[in-house]
Each structure stands twice: as C-alpha cells, then as structure tokens.
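Notes follow the structure.
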Amino acid sequence: MEEIHWADVIAEDLLKKSKKHRIATGITPSGHIHLGNLREMLTADAVRRAVIDKGGEAELIYIADTFDPLRKRYPFLPEEYEKYVGMPLSEIPDPEGCHKNYADHFLEPFLESLEILGIPVKVEKADEMYKEGRYEEAIRTALKRRDDIARIIEEVTGRKLEEDWYPFMPLCEECGRINSAKVTGFDDKWIYYRCSCGHEGKASYRGGGKLTWRVDWAARWKILGITCEPFGKDHAAAGGSYDTGKRLAREIFGIEPPYPIPYEWINLKGVGAMSSSKGIVIPVREFLDVLPPEIVRYIIIRVKPKKHIDFDPANLLELVDEFEEGIKKKDRAVELSLVGDVEYSDIPFRHLVVVGQIAKWDLSKVFEILERTGYKIDEKARRDVERRIKYAKNWLEKFAPKRLKFEIAESVDPSTFSEDEKRFLRTFAERLSDDMKPEDIHNLVYQVANELGLKPAKGFQAIYKAILGKNYGPRAGYFIKMLGIEWVKNRFMQISCE
Ligand SMILES: [Zn+2]
Ligand SMILES: [Zn+2]
C-alpha cells in the first residue's frame, strides 16, 4: 500500500480540530529570499491544498518581519549602511533606490515568485500591523504581565533575564534604532524608555516599538487567528521559541498555540546550508527562470518536512524523470506540485535538452525533430514544449554538467579517423534505414561492432566523433533519430569513403 502523503496526514489532523484554518509563514526580508526560505512557504501551501482537497477551508498568511532591526551590514550592502544597523527594515532606504524601503526591495521579487509558484498569500507587514495599532492590546497585556512572561521564558529556556527586562523594544525617536532602548516604565498612554544613544523619551502603543521576538510570535497567533505554522527546526528545539510560544499563548494570551510543523534545512550543493545572512545565495526569483515552478515545488513537497533536503541543480534530470513518471501514476506529491492548468505532454524534459541543442533552440526545428522521433505534436504538446524548452535552455546554460552539453560539428576531418573507425561508420551507415526505431539503431551499434570484431564502445566513440567531434554524447539511438537518418548516413559516408 502506498504511504499517505505527509501533507494529507497533517491536513487530517487539522480537520479533526476545525474545518477552517489559517496557516502562517514568516520571513524577515533582510536580504535576498532564497530556496531555503521557500521550504516554509511550500510546506504551508501543500497543507493548505490538502485541507481544501479534504473539504476544509484554509488560507495562507505571510507575515513579513519588516519591523525587525537590520542586524548588521551584510556584505552586499554599501559601507554607508553601517549607520542603519539597528533600525527597522521598514525605515531604511532601499539600497538600490527602486522601492519604498529596504524591506520592500527584497520582499517584492519574493512575492512575485510566490505568484509564479501558485502560492496565494495574504501579506501582512509587521511594521504596518504595529503602526495600525493591531498589536496595541497585546502590548498592554505583555507589559502588565511582564513578571509572568519573564518567569515562563526563564522556566522554558533556563536563561536568567535581567531584573529590569521588559518584553518590548522601543523605537528610539532620536537615533531611529529599535534594539537599543530599554523600557523604564509605562502608563495607559505611553511607554517610557532610555536609549543607549543617551535619549530619554516615550513611545506610543501604535508603532512606537515592537514586542520582543518570543512574545511577538505568540501575540501574532492571537491577532491573526493562526491555527497552523511551519517553522525551522531551530525554533522547534527544546527550550526554543515554540516551547515558550506554547506557554505564552495559553497562559498570557488565552489561546491554543497553532499546530506546529517543524522543518529541516535545504542544502544546495556547492552553495552550503542556505542562510541569507551568510552572503552566497541564489534568490528564489532567479531559480524560477531556470526551473519550472512545478519542479521547484516538487523538490520540496516530495520530502517529509523533518527530512533534510540535499539539492544539486546539476542532477536535475533524475528528479524530473521521477516527476514525469509521477504524473502518469497520479502520484500525490506530483499532484500537490502542479501549478494552475499546466498540462504535460509525453515528451520528456531530458529529450528537450538534447533536441533543443540539435535545433539550436529554433522552435520549428524542435517540432520537426520531435515528430521525426515519433511524437505526435498536437495543441497540448505544442504548448507544453513551448513552455518547457525555455527552461531546458536556461538550465543547460546555468547548471547542467558539461557532459550534457554538445554542439554538432560543422564538419569533421576524415584523416583523423582510423581504418577501423571508417569501416565501422561505413557498415553502420549502409545498414541504417528510415523505419528504424531508436532501440533498433542502438542495437545496430552492437551488431556492426561484433561483426567487425570491434568493442561496442569503439563504435559509439566513432559515432560521437563523427557527429560532435568528441568521444561522448547523448544516447546514440535517439540522438541519431533526432538528427535524421539521411543526415547521419551522409555524414558517415563522407568520412568513410575518403
Ligand atoms: Zn528596490
Ligand atoms: Zn537612541
């Protein structure tokens, strides 16, 4: 029996509690948002779809932590950005000047990516939530119950908090930093603070600062009515923020904490564990020019959240083979990965990579070759090829291993071939005929080599040398069929008859 997909298992758990769900995701837009961040979004989206498939209601909330401070000047920022360290991302100018602020600069391409990936989200920007006063009640509760909160955090983390600790980070009106001031007291109207810049002031309950992280998390569950949330395994560790969140939710805010989905990291081969603060990062948006969205979804959705993902973009073809096989078998992970009304034809991606190179990416030539190799090109196939051939080209240029790249040699010099090679090519060309299928052509290589007393490997080498000018290439049967029997015969005869 086939194992039930993890998203369906979670959806069933959720539906036992309620029919309606709000699934939260949250990312700090402090730099380019990368494939690792996508695991959170796709885990949430797979569950959203699974809940809906089972007759429930579910929506996805994306909370952008735009009110978080800039932690340091990242390597991609100009030197003058040193002065913005500690200020909220929403209050810092866009490093490239094209958006309203720093946060939006990194957020916008990510939201565009979500759209391409078919992930519908309701976006909530933390700075706006604070400024609109949606946190006001939670801030009042947190300040009044400071001692209880401190006790919970100390009990869960085993860490001692300072005597004058408050669960609130005032935004200093003098230096603009949100991580430098300490609360000194509060009344119904104001929160009083002293900043390390020397300034003493009062902050408003609406946008004058934010709750500290652990408290903020639990407060937003209440404000937004969150019932389920995936988060990185660091938050799930014993004594981590989910453990405090659970208790804060129940004991301070009077709600049930959301159903947790802890997930493991994604390791991108050659890039290391992906973390946006470390520098080398491939933005999600860039990936989506190279890989079809359904494949990007599949990379993540096929694996249980608790399992680590190692992804090497160079080994994409094996993964796509599996995906295409899954379409035929109506595999659940594949089903949860398809975006919109995309329809696949029976032409493998692997094939498009080879055909595209032979056709030098000329679309009408691509169709001609596909028809020659036995594919029926109807409307569906045409649309499918037009869409996926772009990805085949971009993937080949950006990530494919060298052995998959080739170019048809304009001409080859017959004098570089041995007598054995010429004999092989001539006999092979004489036996080739138009009605042969790729497997027949493949078998013919063995037949002719055997008859001539040559190793089959020598035969294959002669073929690649004659076509590409090097001694390796794509699977010979299909390759020759794609190139056209006539063309191959001529080329081989030319070489062997001189
Ligand atoms: Zn910008
Ligand atoms: Zn200050």
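Key figures
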| item | result |
| --- | --- |
| Residue satisfying all of: in the range 66-77; surrounded by fewer than 21 Cβ atoms within 10 Å (Cβ to Cβ) and more than 16 Å from ligand 1 (Cβ to nearest atom); modelled with the lowest pLDDT among these | Pro75 |
| Total residues in the range 78-105, condition out of contact with any Leu (no Cβ under 9 Å at 6 or more places or on another chain), surrounded by 19 or more Cβ atoms within 10 Å (Cβ to Cβ) and closer than 20 Å to Ser180 by Cα | 1 |
| Evaluation of Ile63 against (1) more than 16 Å from ligand 1 (Cβ to nearest atom); (2) over 30 Å from His5 (Cβ atoms) (one fails), failing number | (2) |
| Helices (runs of 4 or more DSSP H) contained entirely in the range 90-154, each with at least 3 residues that are away from ligand 1 (no atom under 16 Å from the Cβ) and more than 30 Å from Val47 (Cα to Cα) | 136-144 |
| Residue ID - nearest to ligand 2 (Cβ to nearest atom), chosen from residues in the range 178-201 that are assigned to a loop (DSSP other than H, G, I, E, B) and under 42 Å from the mean Cα position of the chain (by Cα) | Cys197 |
| Any chance Tyr205 is touching a residue at least 60 places away in the same chain (Cβ under 8 Å) and touching a Gly at 6+ places or on another chain (Cβ under 9 Å) | yes |
| Meets criteria (within 20 Å of Arg332 (Cβ to Cβ), β-branched (Val, Ile, Thr), open to solvent by 10 Å² or more (accessible area, probe 1.4 Å) and in a helix (DSSP H, G or I)) for Ile52 | yes |
| Residue in the range 186-200 that is touching a Pro at 6+ places or on another chain (Cβ under 7 Å) and either within 16 Å of ligand 1 (Cβ to nearest atom) or open to solvent by less than 40 Å² (accessible area, probe 1.4 Å) (or both) present | yes |
| Within the range 130-177, considering residues that are surrounded by fewer than 22 Cβ atoms within 10 Å (Cβ to Cβ) and within 16 Å of ligand 2 (Cβ to nearest atom), the one nearest to Gly208 (Cα to Cα) | Glu173 |
| Candidate set from the range 158-185 (those that are out of contact with any helix residue (DSSP H, G or I) (no Cβ under 7 Å at 6 or more places or on another chain) and hydroxyl-bearing (Ser, Thr, Tyr)); member that is farthest from Lys202 (Cα to Cα) | Ser180 |
| Criterion (assigned to a helix (DSSP H, G or I) and either among the polar types (S, T, N, Q) or at pLDDT below 95 (or both)) met by exactly one of Tyr464, Tyr478, Tyr472, Tyr446 | Tyr478 |
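The values are calculated or read from the model by the stated rules, or taken from the named source; none is laboratory data. Treat the numbers as computed from the prediction; the structure is a model and nothing was measured. Here Cβ is always computed from backbone atoms with ideal geometry, including for glycine, and neighbour counts include all displayed protein chains. Heavy atoms of the whole protein, side chains included, go into the accessibility calculation; ligands, DNA and RNA do not. Shrake-Rupley method; radii C 1.70, N 1.55, O 1.52, S 1.80 Å.
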